[in-house]
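Colleague: Okay, handing you the structure first.
The values are calculated or read from the model by the stated rules, or taken from the named source; none is laboratory data. Computed from a predicted structure; not experimentally measured. So basically every Cβ, Gly included, is an ideal-geometry build from the backbone, and we count neighbours across all protein chains shown. For the accessible areas, the whole protein counts, side chains as well, though only heavy atoms, and no ligand, DNA or RNA atoms are used. Shrake-Rupley method; radii C 1.70, N 1.55, O 1.52, S 1.80 Å.
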Amino acid sequence: MSRKRVAVLISGRGSNMAALIEAARDKNYPAEIALVLSNRPDAVGLGLARAAGIATAVVDHTPFGKDRSGFDAAVQATLIKHRIDLVCLAGFMRLLTDGFVNQWQGRMINIHPALLPAFKGLDTHKRAIEAGAKLHGATVHFVVPEMDSGPIIAQGAVAVRADDTEQTLAARVLGVEHRIYPLALKLVAEGRVRVVDGRCLIDGVPVPDSASLDPGALT
Ligand code: GRF
(Lines give C-alpha, C1' and ligand atoms only; values in the text may rest on other atoms or scores of the structure.)
Protein backbone atom coordinates (compact mmCIF):
# COMPACT_ATOMS: atom_id res chain seq x y z
CA MET A 1 0.00 0.00 0.00
CA SER A 2 1.42 3.40 -0.91
CA ARG A 3 1.94 5.85 1.90
CA LYS A 4 -0.57 8.66 2.23
CA ARG A 5 0.79 12.12 1.55
CA VAL A 6 0.09 14.27 4.60
CA ALA A 7 0.18 18.03 5.07
CA VAL A 8 0.59 19.31 8.63
CA LEU A 9 -0.87 22.79 9.16
CA ILE A 10 0.73 24.78 11.95
CA SER A 11 0.85 28.31 13.35
CA GLY A 12 3.57 28.11 15.97
CA ARG A 13 5.85 25.83 17.94
CA GLY A 14 5.13 22.65 16.00
CA SER A 15 5.79 20.01 18.63
CA ASN A 16 2.90 17.85 17.43
CA MET A 17 4.16 18.32 13.87
CA ALA A 18 7.57 17.11 15.04
CA ALA A 19 5.98 14.03 16.64
CA LEU A 20 4.27 13.21 13.33
CA ILE A 21 7.51 13.73 11.39
CA GLU A 22 9.31 11.44 13.83
CA ALA A 23 6.66 8.71 13.51
CA ALA A 24 6.71 8.94 9.71
CA ARG A 25 10.48 8.36 9.61
CA ASP A 26 9.63 4.68 10.03
CA LYS A 27 9.22 3.31 6.50
CA ASN A 28 6.44 1.04 7.76
CA TYR A 29 4.38 4.02 8.93
CA PRO A 30 1.46 4.38 6.48
CA ALA A 31 1.86 8.12 5.94
CA GLU A 32 4.65 10.47 4.90
CA ILE A 33 4.77 14.13 5.88
CA ALA A 34 4.88 15.67 2.42
CA LEU A 35 4.29 19.29 3.44
CA VAL A 36 4.26 21.56 6.46
CA LEU A 37 2.15 24.66 5.86
CA SER A 38 2.00 27.65 8.18
CA ASN A 39 -0.19 30.74 8.12
CA ARG A 40 2.54 32.57 10.04
CA PRO A 41 5.92 33.16 8.38
CA ASP A 42 7.61 33.22 11.80
CA ALA A 43 6.26 29.88 13.06
CA VAL A 44 9.02 28.07 14.94
CA GLY A 45 7.82 24.76 13.50
CA LEU A 46 8.76 25.81 9.97
CA GLY A 47 12.44 25.75 10.91
CA LEU A 48 12.07 22.31 12.49
CA ALA A 49 10.37 21.00 9.34
CA ARG A 50 13.06 22.42 7.06
CA ALA A 51 15.76 20.90 9.24
CA ALA A 52 14.01 17.55 8.85
CA GLY A 53 14.08 17.95 5.07
CA ILE A 54 10.31 18.42 4.73
CA ALA A 55 8.81 20.74 2.10
CA THR A 56 7.33 23.86 3.68
CA ALA A 57 4.90 26.54 2.54
CA VAL A 58 3.65 29.77 4.04
CA VAL A 59 0.20 31.12 3.28
CA ASP A 60 0.18 34.31 5.31
CA HIS A 61 -3.36 35.17 6.36
CA THR A 62 -2.71 38.87 6.93
CA PRO A 63 -3.01 40.11 3.31
CA PHE A 64 -6.39 38.35 3.09
CA GLY A 65 -7.88 40.43 5.92
CA LYS A 66 -11.47 39.30 6.42
CA ASP A 67 -11.46 37.29 3.20
CA ARG A 68 -11.44 33.82 4.78
CA SER A 69 -12.50 32.13 1.55
CA GLY A 70 -9.58 33.71 -0.29
CA PHE A 71 -7.16 32.47 2.34
CA ASP A 72 -8.67 28.98 2.29
CA ALA A 73 -8.50 28.90 -1.52
CA ALA A 74 -4.79 29.70 -1.36
CA VAL A 75 -4.28 26.91 1.18
CA GLN A 76 -6.29 24.52 -0.98
CA ALA A 77 -4.21 25.36 -4.07
CA THR A 78 -1.03 24.62 -2.12
CA LEU A 79 -2.38 21.29 -0.88
CA ILE A 80 -3.36 20.29 -4.41
CA LYS A 81 0.03 21.32 -5.78
CA HIS A 82 1.66 18.96 -3.28
CA ARG A 83 -0.80 16.14 -4.06
CA ILE A 84 -1.93 15.91 -0.44
CA ASP A 85 -4.19 13.03 0.66
CA LEU A 86 -4.68 13.86 4.35
CA VAL A 87 -4.46 17.05 6.40
CA CYS A 88 -3.40 17.23 10.06
CA LEU A 89 -4.13 20.43 11.94
CA ALA A 90 -1.54 20.82 14.68
CA GLY A 91 -1.86 24.07 16.54
CA PHE A 92 -3.26 25.76 13.42
CA MET A 93 -4.87 28.89 14.81
CA ARG A 94 -7.16 29.85 11.94
CA LEU A 95 -10.84 29.09 11.62
CA LEU A 96 -11.46 27.39 8.29
CA THR A 97 -14.53 28.01 6.15
CA ASP A 98 -17.25 25.39 5.92
CA GLY A 99 -16.48 25.04 2.21
CA PHE A 100 -12.85 24.18 2.87
CA VAL A 101 -13.72 21.80 5.72
CA ASN A 102 -16.28 20.00 3.59
CA GLN A 103 -13.75 19.50 0.80
CA TRP A 104 -11.60 17.57 3.28
CA GLN A 105 -14.37 15.71 5.05
CA GLY A 106 -13.01 12.44 6.45
CA ARG A 107 -9.49 13.42 5.37
CA MET A 108 -8.67 16.21 7.85
CA ILE A 109 -7.95 15.65 11.55
CA ASN A 110 -7.16 17.93 14.47
CA ILE A 111 -5.64 17.60 17.91
CA HIS A 112 -7.35 19.39 20.78
CA PRO A 113 -5.83 19.68 24.27
CA ALA A 114 -8.83 18.42 26.24
CA LEU A 115 -11.05 15.38 26.55
CA LEU A 116 -13.76 16.42 24.11
CA PRO A 117 -16.61 17.14 24.26
CA ALA A 118 -15.43 18.85 27.46
CA PHE A 119 -13.50 22.10 27.17
CA LYS A 120 -13.84 23.06 23.53
CA GLY A 121 -12.05 26.26 22.53
CA LEU A 122 -9.07 27.94 24.16
CA ASP A 123 -7.42 27.93 27.62
CA THR A 124 -8.42 24.32 28.18
CA HIS A 125 -5.89 23.55 30.92
CA LYS A 126 -6.82 26.58 33.00
CA ARG A 127 -10.50 25.79 32.63
CA ALA A 128 -10.00 22.12 33.56
CA ILE A 129 -8.22 23.13 36.78
CA GLU A 130 -10.83 25.76 37.60
CA ALA A 131 -13.62 23.24 37.03
CA GLY A 132 -11.98 20.80 39.44
CA ALA A 133 -11.70 18.14 36.76
CA LYS A 134 -9.96 14.98 38.00
CA LEU A 135 -9.04 13.79 34.52
CA HIS A 136 -7.89 15.87 31.60
CA GLY A 137 -6.18 15.03 28.35
CA ALA A 138 -6.20 15.34 24.59
CA THR A 139 -8.35 14.29 21.67
CA VAL A 140 -7.73 13.65 17.98
CA HIS A 141 -10.88 14.06 15.93
CA PHE A 142 -12.08 14.50 12.38
CA VAL A 143 -12.65 18.14 11.51
CA VAL A 144 -16.22 19.24 10.84
CA PRO A 145 -17.51 22.79 10.32
CA GLU A 146 -18.42 23.21 14.00
CA MET A 147 -15.24 23.83 15.99
CA ASP A 148 -13.81 20.99 18.14
CA SER A 149 -16.84 18.83 17.42
CA GLY A 150 -15.98 16.11 14.91
CA PRO A 151 -15.99 12.34 15.48
CA ILE A 152 -13.39 11.30 18.06
CA ILE A 153 -10.62 9.03 16.79
CA ALA A 154 -8.31 8.78 19.80
CA GLN A 155 -8.01 10.17 23.30
CA GLY A 156 -5.43 10.07 26.05
CA ALA A 157 -5.94 11.10 29.66
CA VAL A 158 -3.85 12.31 32.56
CA ALA A 159 -4.84 12.65 36.20
CA VAL A 160 -5.08 16.27 37.38
CA ARG A 161 -2.89 16.73 40.45
CA ALA A 162 -3.77 18.93 43.41
CA ASP A 163 -0.69 21.09 42.86
CA ASP A 164 -1.02 21.36 39.08
CA THR A 165 -0.64 24.75 37.45
CA GLU A 166 -1.78 25.51 33.94
CA GLN A 167 1.83 24.98 32.83
CA THR A 168 2.49 21.67 34.56
CA LEU A 169 -0.81 20.24 33.37
CA ALA A 170 -0.20 21.50 29.82
CA ALA A 171 3.20 19.82 29.78
CA ARG A 172 1.79 16.42 30.78
CA VAL A 173 -1.06 16.71 28.30
CA LEU A 174 1.42 17.64 25.57
CA GLY A 175 3.25 14.37 26.22
CA VAL A 176 -0.05 12.57 25.63
CA GLU A 177 -0.68 14.58 22.46
CA HIS A 178 2.64 13.43 21.04
CA ARG A 179 1.57 9.82 21.58
CA ILE A 180 -2.00 9.89 20.33
CA TYR A 181 -1.55 12.03 17.22
CA PRO A 182 0.80 9.60 15.45
CA LEU A 183 -1.48 6.76 16.54
CA ALA A 184 -4.60 8.44 15.18
CA LEU A 185 -2.95 9.40 11.89
CA LYS A 186 -1.77 5.82 11.48
CA LEU A 187 -5.30 4.48 11.97
CA VAL A 188 -6.75 6.96 9.48
CA ALA A 189 -3.99 6.44 6.90
CA GLU A 190 -4.51 2.68 7.09
CA GLY A 191 -8.20 3.19 6.35
CA ARG A 192 -9.19 1.58 9.63
CA VAL A 193 -11.46 4.38 10.83
CA ARG A 194 -15.08 4.55 9.71
CA VAL A 195 -17.61 7.12 10.88
CA VAL A 196 -21.08 5.76 11.63
CA ASP A 197 -23.74 8.05 13.11
CA GLY A 198 -21.11 10.63 14.03
CA ARG A 199 -18.96 8.12 15.91
CA CYS A 200 -15.72 6.50 14.87
CA LEU A 201 -15.53 2.76 14.52
CA ILE A 202 -11.98 1.47 14.43
CA ASP A 203 -11.58 -1.93 12.84
CA GLY A 204 -15.36 -2.08 13.08
CA VAL A 205 -15.66 -1.63 16.86
CA PRO A 206 -16.50 1.49 18.89
CA VAL A 207 -13.60 1.85 21.37
CA PRO A 208 -10.56 -0.36 20.76
CA ASP A 209 -7.68 -0.26 23.21
CA SER A 210 -5.39 1.09 20.53
CA ALA A 211 -7.28 4.36 20.34
CA SER A 212 -7.38 5.26 24.00
CA LEU A 213 -4.71 5.68 26.61
CA ASP A 214 -5.46 4.77 30.19
CA PRO A 215 -4.49 7.49 32.70
CA GLY A 216 -3.09 4.75 34.90
CA ALA A 217 -0.51 4.05 32.23
CA LEU A 218 0.64 7.66 32.17
CA THR A 219 2.45 9.93 34.55
C1 GRF B 1 -1.34 21.83 21.16
O2 GRF B 1 -1.62 21.85 22.53
C3 GRF B 1 -2.55 21.41 20.39
O4 GRF B 1 -3.33 20.47 21.05
C5 GRF B 1 -3.29 22.70 20.23
O6 GRF B 1 -2.31 23.66 20.04
C7 GRF B 1 -1.09 23.23 20.62
C8 GRF B 1 -0.06 23.23 19.55
O9 GRF B 1 1.22 22.90 20.04
N10 GRF B 1 -4.26 22.60 19.16
P11 GRF B 1 2.37 22.52 19.03
O12 GRF B 1 2.49 23.68 18.04
O13 GRF B 1 2.00 21.24 18.36
O14 GRF B 1 3.60 22.38 19.86
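Colleague: So which residues in the range 125-150 are more than 12 Å from the ligand (Cβ to nearest atom), open to solvent by 20 Å² or more (accessible area, probe 1.4 Å) and not hydroxyl-bearing (S, T, Y), if there are any at all?
Modeller: K126, R127, I129, E130, A131, G132, A133, K134, L135, V144, P145, E146
Colleague: Let me ask something else. Taking only the range 51-73 into account, find how many residues are assigned to a loop (DSSP other than H, G, I, E, B), open to solvent by 80 Å² or more (accessible area, probe 1.4 Å) and either under 18 Å from I10 (Cβ atoms) or touching a helix residue (DSSP H, G or I) at 6+ places or on another chain (Cβ under 6 Å) (or both).
Modeller: The qualifying residues number 0.
Colleague: Separate question: Kindly provide the set of residues from the range 54-107 that are within 17 Å of D42 (Cβ to Cβ) and within 16 Å of the ligand (Cβ to nearest atom), ordered by number.
Modeller: Of everything in the range 54-107, those that are within 17 Å of D42 (Cβ to Cβ) and within 16 Å of the ligand (Cβ to nearest atom) turn out to be T56, V58, A90, G91, F92, M93, R94.
Colleague: Just the residues that are touching a helix residue (DSSP H, G or I) at 6+ places or on another chain (Cβ under 6 Å) and not in a strand (DSSP E or B), please, taken from the range 21-39.
Modeller: Passing the criteria: A23, Y29, P30.
Colleague: Scan the range 187-201 for residues that are free of Cβ contacts under 8 Å to residues at least 40 places away in the same chain and either in a loop (DSSP other than H, G, I, E, B) or closer than 10 Å to G106 by Cα (or both) and jot them down. Spell out the reasoning first.
Modeller: Start the filter on the range 187-201 by keeping residues that are free of Cβ contacts under 8 Å to residues at least 40 places away in the same chain, which leaves 187, 191-192, 194, 196-197, 201.
Hits for the range 187-201 are G191, R192, R194, D197.
Colleague: Turning to a different aspect of this structure: Of all residues in the range 80-101, how many are farther than 23 Å from A154 by Cβ, touching a residue at least 24 places away in the same chain (Cβ under 8 Å) and assigned to a helix (DSSP H, G or I)?
Modeller: Here the count works out to 3.
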